[in-house]
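The values are calculated or read from the model by the stated rules, or taken from the named source; none is laboratory data. Computed from a predicted model, the values in this text were never measured in an experiment. Note that each Cβ is placed from the backbone with ideal geometry, even for glycine, and that neighbours are counted across all protein chains shown.
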Amino acid sequence: MNLEPYGVEKHPSPQGVPVHQLLNKDILLPIINQYGNYLNTSSLPVAGSLFLKRYAVLVAASSLDYYGLQKKRIDWWSTARLDVTSFKLLIEENPTELFDDCWKDRIFAQNLTPMITLISKECKISSKILWENLAVRLLATLRKNVELYTLNELNVHFNDLTSVETNWLGMEENPFLTYLQSNETWIEAPVRKTCCRYYQVNTKADIPYCKKCPLRK
């Protein structure tokens, strides 16, 4: 198990906030504010958007790679804690329990979907931005694996993410259908439809916007 490229690190005694507690607004909002300070922004909407982008890498991208592409079953997720100083996930060194249910249901319906609802409401930012933040992280995970898996294998996961069946999302409609292109063009990584507001904290003059920003000229 190597999830370090996604910011998920093994630790003999993981410290931090258990991921299920992040759905408590009294716990999550101070963390988002702390992440805003880390990024040098006092804007709660900006901090909320960019925190979700970071969290999407830690949780969604890593899970798609490990549980989806690699088809592994070790349940590291239940031991995961968010380190609020490094903004990484810390997990037990040698978890042995196996997932006995749908990993997408646990990662999305039970965690990411309610978190997006919470951030949108409390940080006063459109859920459309947050869902696209999540979509681009998932797409990036598929694109980075084009040399390790066949296009047919990757398309299976792309089609799952864009399915009209949404029990695993805990929603009536699949928001990814708006932001993930057809399986004939997804590998091209199209320009975003919404702006994640990264430009409002980036001080590098040569990179004022993220690479896929719709405001980029």
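Values as computed for the structure displayed
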quantity: Test: residue in region 136-147 that is in a helix (DSSP H, G or I), of a type outside the set (Val, Ile, Thr) and farther than 16 Å from ALA60 by Cβ; calculated: no
quantity: Residues of region 158-182 classified as modelled with pLDDT of 90 or more, surrounded by 18 or more Cβ atoms within 10 Å (Cβ to Cβ) and in a helix (DSSP H, G or I), total; calculated: 3
quantity: Region 129-147 residues that are in contact (Cβ under 8 Å) with a residue 24 or more places away in the chain and under 14 Å from PHE158 (Cβ atoms), paired with ones that are of a type in the set (D, E, K, R) and not in a helix (DSSP H, G or I) (beta carbon under 7 Å, 6 or more apart); calculated: VAL136/ARG192; VAL136/LYS212
quantity: Residue that is surrounded by the fewest Cβ atoms within 10 Å (Cβ to Cβ) [pool: residues in region 90-124 that are modelled with pLDDT of 95 or more and among the polar types (S, T, N, Q)]; calculated: THR117
quantity: Some residue of region 47-70 being of a type outside the set (D, E, K, R), part of a helix (DSSP H, G or I) and surrounded by fewer than 15 Cβ atoms within 10 Å (Cβ to Cβ); calculated: no
quantity: Selection status of SER127, farther than 18 Å from VAL19 by Cα and at pLDDT 95 or above; calculated: yes
quantity: Count of residues meeting criterion [in a helix (DSSP H, G or I) and either on the phi > 0 side of the Ramachandran plot or among the hydroxyl-bearing types (Ser, Thr, Tyr) (or both)] in region 113-134; calculated: 4
quantity: Single residue of LYS104, LYS53, LYS72 found to be touching a residue at least 60 places away in the same chain (Cβ under 8 Å) and either farther than 24 Å from ASN174 by Cα or of a type in the set (Val, Ile, Thr) (or both); calculated: LYS72
quantity: Given (1) modelled with pLDDT under 90; (2) crowded, with 16+ Cβ neighbours inside 10 Å; (3) more than 29 Å from VAL19 (Cβ to Cβ), number of the condition THR185 does not satisfy; calculated: (2)
